[in-house]
Amino acid sequence: MANTAQARKRARQALVRRAHNVSLRSTLRTAIKGVRKAIAAGDKAQAQAAFRDAQGVIDSIASKRIVHKNAAARSKSRLSAAIKALPA
């Protein structure tokens, strides 16, 4: 347990930051889930539109270091490959 005033303050700040990061990570997962749902439905146009929206979310969260930049790139790559594999 934090004994100094500084340590108590840092603990409070960590709780606030964690809550914010959890929210952002949830937004990321929701964006990816939307693309996967469109891919599963087989709708290429809808999947591409969802992917365009998701790309911004993925890049934004990676730039804030909520997820690693390589993990973000891997997600985008796999989603893009799955969309390309859909029949036209």
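The values are calculated or read from the model by the stated rules, or taken from the named source; none is laboratory data. As the structure is a computational prediction, the values presented were derived from the model and not from experiment. Here the Cβ is made from the backbone with ideal geometry for all residues, glycine too, and neighbour counts use every protein chain on show.
Structure notes:
- All conditions in (1) touching a residue at least 40 places away in the same chain (Cβ under 8 Å); (2) over 21 Å from the mean Cα position of the chain (by Cα); (3) loosely packed, with under 12 Cβ neighbours inside 10 Å hold for MET1, with the sole exception of (1).
- Checked against the criteria, VAL22 does not count as of a type in the set (Val, Ile, Thr), surrounded by 13 or more Cβ atoms within 10 Å (Cβ to Cβ), within 17 Å of the chain's Cα centre (by Cα) and part of a helix (DSSP H, G or I).
- Exactly one residue among VAL57, VAL35 is surrounded by 11 or more Cβ atoms within 10 Å (Cβ to Cβ), under 10 Å from the mean Cα position of the chain (by Cα) and at pLDDT 95 or above, and that residue is VAL57.
- Screening segment 31-45 for residues that are touching a residue at least 24 places away in the same chain (Cβ under 8 Å) and in a helix (DSSP H, G or I) and picking the one that is farthest from ARG17 (Cα to Cα) gives LYS44.
- Taking segment 46-70 as the range and being basic (Lys, Arg) and without any contact (Cβ under 8 Å) to a residue 40 or more places away in the chain as the test, the residues that pass are ARG52, ARG65, LYS69.
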